[in-house]
Amino acid sequence: MSSYRLLLVEDDRSISEMVGPYLEKEGYDVSYAYDGLEAEHQFSQSPSEYDLVILDLMLPHKNGMEVLQSIRATSLVPVLILSAKDGEVDKALGLGFGADDYLSKPFSLIELTARIKAAIRRANYTAQPATETTPKAQRIHIGGLVVDTETYEVERDGIPVKLTSKEFGILKMFVTHPGKVFTKAQIYASVWNDHYYGDENIINVHMRRLREKLEVDPSNPRYIKTLWGIGYKLEVDPA
């Protein structure tokens, strides 16, 4: 079985020397970069060969946000951000710039490995296009939800659910990117196809109505989770 290739971008060598060998024992092929310029150079040499980038925010020469922008200019490779900064602003910026996940320092190696596996799994899932030879490819199953992105039909535990066009637009965005965090600005821009001017009420209302239709207990949602100060995400494996 071929291993996944990771680029670990971390200027703290003690962290790199702890994380890298652990991931290699888990079966990953790990490349190392210790500053922003080195990370950009390594990634640009063979961008298609990397399956995931682990990216620290605080780097010499170029910070993690600049490196992330550079990566996103040419690639949709999953990016997992690491940072000792635990503020909501850092998280929102990281995810808003196109990161796939965020892990605060200090972190456990077990959790890091779980996040890596989930990010690669999501990337492989969304990379598989629907074709005429797979007529049910547009039917997405997550937990008890079944969403048909072509007929706009939705079922919850076998029961049809009627959604408005905006509610379906929000749900489609989540089910086609399971596990990915979306800010309110990203949801508004995608579903309303307009600039977001900070009116949270319209998003809050639609999210509440969507949960009332999808969730058995909307106050304790199983599918669409709130990340306070950041946005929302769809659980990949809802319990």
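Any idea which of (1) touching a strand residue (DSSP E or B) at 6+ places or on another chain (Cβ under 8 Å); (2) within 14 Å of residue 143 (Cβ to Cβ); (3) buried (at least 16 other Cβ atoms within 10 Å of the Cβ); (4) without any contact (Cβ under 8 Å) to a residue 24 or more places away in the chain is the one residue 225 doesn't satisfy?
(3)
Could you go through segment 58-72 and let me know if any residue there is at pLDDT 90 or above, in contact with an Asp or Glu (Cβ under 6 Å, 6 or more places away or on another chain), in a loop (DSSP other than H, G, I, E, B) and among the hydrophobic types (A, V, I, L, M, F, W, C).
yes
Give 17, 24 a once-over and let me know the one that is without any contact (Cβ under 8 Å) to a residue 40 or more places away in the chain and under 20 Å from residue 105 (Cβ atoms).
17
Just checking: which of the strands (runs of 3 or more DSSP E) contained wholly in segment 88-156 hold 2 or more residues that are modelled with pLDDT of 80 or more and either open to solvent by 80 Å² or more (accessible area, probe 1.4 Å) or under 20 Å from residue 65 (Cα atoms) (or both)?
In segment 88-156, 101-104 are the strands (runs of 3 or more DSSP E) which contain 2 or more residues that are modelled with pLDDT of 80 or more and either open to solvent by 80 Å² or more (accessible area, probe 1.4 Å) or under 20 Å from residue 65 (Cα atoms) (or both).
For residues that are open to solvent by 50 Å² or more (accessible area, probe 1.4 Å) and in a loop (DSSP other than H, G, I, E, B), tally how many sit in segment 193-217.
8
Just to be sure, is residue 46 without any contact (Cβ under 8 Å) to a residue 12 or more places away in the chain and open to solvent by less than 40 Å² (accessible area, probe 1.4 Å)?
Numbers: without any contact (Cβ under 8 Å) to a residue 12 or more places away in the chain: yes; open to solvent by less than 40 Å² (accessible area, probe 1.4 Å): yes.
It is true that residue 46 is without any contact (Cβ under 8 Å) to a residue 12 or more places away in the chain and open to solvent by less than 40 Å² (accessible area, probe 1.4 Å).
The values are calculated or read from the model by the stated rules, or taken from the named source; none is laboratory data. Being a predicted model, the structure only gives us computed values, none of them experimental. When we count neighbours, we look across all protein chains shown, and the Cβ atoms used for this are built from the backbone with ideal geometry, even at glycine. Ligands, DNA and RNA are stripped out before the accessible areas are found, and what is left, the full protein with its side chains, is counted by its heavy atoms. Shrake-Rupley method; radii C 1.70, N 1.55, O 1.52, S 1.80 Å.
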